[in-house]
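Contents: one structure, followed by commentary.
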């Protein structure tokens, strides 16, 4: 009764719009690299991802991405830009501890969990696909 009402529809809409805008920006850079530099889609995709990661890291350093995250919720941290934000935030928090023991250790602490989850999830999905493909 005393709790604030959850505004699920509003938060869902905000996440959808911001996530869509991030996707549109990614498509813009993908087309930009294909048209201007004549890269194939296979060559332009990693460069587009690097560009999005760089933009998110810069916006995190300026404090803008955190405000975007408060507004958009999952719409801002589900894309790859959210991972960039998490890594950059971790580095910014630990910078007073030094380059190696502060920034390096905290980035790998966070990155290690994500990489481990990705490897385990890939193993499980690959195993399921193998079983379904060859035994079903």
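A short reminder: the numbers here are calculations on the coordinates, not readings from a lab. Because the structure is a prediction, the values reported are computed rather than measured. For neighbour counting, all protein chains shown are included, and Cβ atoms are generated from backbone atoms with ideal geometry for every residue, glycine included.
Quick check: Cα centre of region 20-53 to Cα centre of region 1-17, how many Å?
Cα centroid of region 20-53 versus Cα centroid of region 1-17: 32 Å apart.
Would you mind calculating the relative contact order of the chain from Cα pairs under 8 angstrom and at least 6 residues apart, reporting the percent as a whole number?
Answer for the chain is 21 percent.
Could you line up 65, 130, 33 from fewest to most neighbouring Cβ atoms inside 10 Å?
130, 33, 65
If a/c stays under 1.5 just call it rounded; otherwise compare a/b with b/c (prolate if a/b is bigger, oblate if not). Do that for the chain, with a ≥ b ≥ c from the square roots of the Cα gyration tensor eigenvalues.
Since a/c stays below 1.5, the shape of the chain is classed as rounded.
Taking the simple approach of a point 7 Å from Cα along Cα-to-Cβ for both residue 122 and residue 62, what is their distance in nm?
Result for the modelled spin labels: 3.4 nm.
As a test of the formula, what do you get for the chain when each DSSP H run with n ≥ 4 contributes -39,500 (n - 2.57) and the sum is divided by the residue count, at 222 nm and rounded to the nearest 500 deg cm²/dmol?
Calculated from helices alone, the mean residue ellipticity at 222 nm is -27000 deg cm²/dmol.
Counting other beta carbons within 10 Å of each residue's own, what order do 60, 88 fall into, fewest first?
88, 60
Go ahead and run the numbers for FRET between residue 42 and residue 80, Cβ-Cβ distance against an R0 of 25 Å, rounding to 0.05.
The formula returns an efficiency of 0.90 here.
If you rank 92, 128 by fewest surrounding Cβ atoms within 10 Å, what's the result? Mind showing how you got there, number by number?
Working: 92 15, 128 10.
Ordered from fewest to most neighbouring Cβ atoms within 10 Å, 92, 128 come out as 128, 92.
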